[in-house]
Amino acid sequence: MAMQGGIQTFVDKYGIEHKRVYPLQVCCEEMFYDFMNHCFAEGEAVDMRLEVSYAEEDHAVVIEITSGGKPYNPLEESDNAMAVAIIRRTAQRTDYRFDQNYNQLTIIL
């Protein structure tokens, strides 16, 4: 629930149009939980960061999720087909890489 509140505060602050709110929420929430469920063993400490920023010049919303744990590309391996379909349909660009023991997923809406 804290994530939803943070997303709503972000949307209100930057005046992001309503039609972009749902894809933003899906990208943040579903991918965050997807990493949490696939990268870490039960009881293992979770090492993750979610950053959302707004680029005024092109009105792009940039979502960056960084996750420790085992390598996992949710855009290729996820069992959450609905979330991946929404991301692929609404994202201007996506990028995944595993670098220095961290999964790094960037989604630009």
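Quick note: the coordinates plus some simple rules give every number you see, no bench work behind them. Bear in mind the structure is a predicted one, so any value in this text is a computation, not a measurement. Positions of Cβ are generated from backbone atoms using ideal geometry, with glycine treated the same way; all protein chains shown enter the neighbour counts.
Summary table below
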item: Selection within segment 72-109 - of a type in the set (Phe, Trp, Tyr) and in a loop (DSSP other than H, G, I, E, B); result: TYR72
item: Members of segment 10-59 that are within 23 Å of GLN92 (Cβ to Cβ) and either polar (S, T, N, Q) or in a strand (DSSP E or B) (or both); result: GLN25, ARG49, LEU50, GLU51, VAL52, SER53, TYR54, ALA55
item: Residue list for segment 48-76, filter: touching a helix residue (DSSP H, G or I) at 6+ places or on another chain (Cβ under 7 Å), under 15 Å from TYR33 (Cα atoms) and among the hydroxyl-bearing types (Ser, Thr, Tyr); result: SER67, TYR72
item: Condition broken by TYR33, with the remaining ones in (1) out of contact with any Asp or Glu (no Cβ under 9 Å at 6 or more places or on another chain); (2) surrounded by 16 or more Cβ atoms within 10 Å (Cβ to Cβ); (3) among the hydroxyl-bearing types (Ser, Thr, Tyr) satisfied; result: (2)
item: Residue selected from segment 53-89 under the condition in contact (Cβ under 8 Å) with a residue 12 or more places away in the chain and farther than 22 Å from ILE7 by Cβ, by the criterion nearest to the chain's Cα centre (by Cα); result: ASN73
